[in-house]
């Protein structure tokens with residue numbers, strides 16, 4: 001069933017209205033006709049089977065047939081602090097991270113980041129990442145878009161992770177050493193419901209940054225004997241934790 005995003009405030013009295021890009025996609029691209037059934041998602045955890053009842057040049061009105069919780073929201077509250085990457089690589093993490101069940105992505109400025117953004121570029125990138133997250137949410141049947149936060153310093157990310165059940169730092173210095181004990185970390189009871197993970201840039205975290213993360217309670221771990229690119233590590237970690245602690249089978 002075709003899925004469309006409608007803000008919660010645009011769903012009133014059993015009716016919803018598509019405008020802008022969503023209306024254009026429904027009417028001009030998909031050529032939906034009166035009576036066609038679609039699925040609306042409000043970005044707040046609910047979805048709505050709805051039937052097209054009227055349309056104009058740039059709008060479509062739908063009758064809501066039911067309201068139900070979205071089926072695709074992952075149970076694991078996973079936040080990844082990822083060192084700023086080039087635009088296309090961050091785009092990939094946003095899109096595929098949404099599909100895999102990542103809840104929150106925080107771009108982090110670290111000492112060896114090759115990307116530096118001024119405020120204007122930061123705002124544009126953030127808008128772009130949030131649009132990608134919304135499109136990915138519709139595609140994969142999640143009820144909430146990936147929460148892409150504004151760029152933070154490393155210290156801000158570490159401080160903001162204080163309340164998480166489990167804190168992990170991927171550290172290339174452990175590659176090939178056995179990974180730091182994933183089985184003992186993830187097989188204990190009760191299983192962590194929330195995880196914060198720190199992933200550095202391709203040049204790695206500095207010794208000072210590694211020590212700061214350790215002081216903040218982050219445990220250094222490895223994903224195996226090979227050195228992964230930062231975007232690959234972010235997606236691999238999301239999949240591993242989704243399998244062990246979430247709903248990936």
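All of the numbers you see were taken from the coordinates with simple rules; none came from a lab. This structure is a prediction, so every number in the text was calculated from the model and none was measured. Neighbour counts run over all protein chains shown; Cβ positions are idealised from the backbone, glycine included.
Counting only alpha carbon atoms, the long axis of helix 230-245 and the longest principal axis of the chain meet at about 80°.
Taking every C-alpha pair closer than 8 Å and separated by at least 6 residues, the mean separation divided by the residue count of region 77-245 gives a relative contact order of 32 percent. For the pair residue 58 and residue 92, what calculated FRET efficiency results from E = 1/(1 + (r/R0)^6), where r is the Cβ-Cβ distance and R0 = 30 Å, to the nearest 0.05? Efficiency for this residue pair is about 0.40. Ranked by the mean number of other Cβ atoms within 10 Å of their residues, highest first, the peptides 86-94, 191-199 fall in the order 191-199, 86-94. Computed over the alpha-carbon atoms, region 77-245 gives an Rg to Rh ratio of 0.94, Rh here being the Kirkwood radius from the mean inverse distance.
For the chain, the longest principal axis of the alpha carbon atoms and the long axis of helix 87-100 meet at an angle near 70°.
Where the centroid of each part is defined by its Cα atoms, how far is region 76-118 from region 141-215 in Å? One Cα centre to the other: 12 Å.
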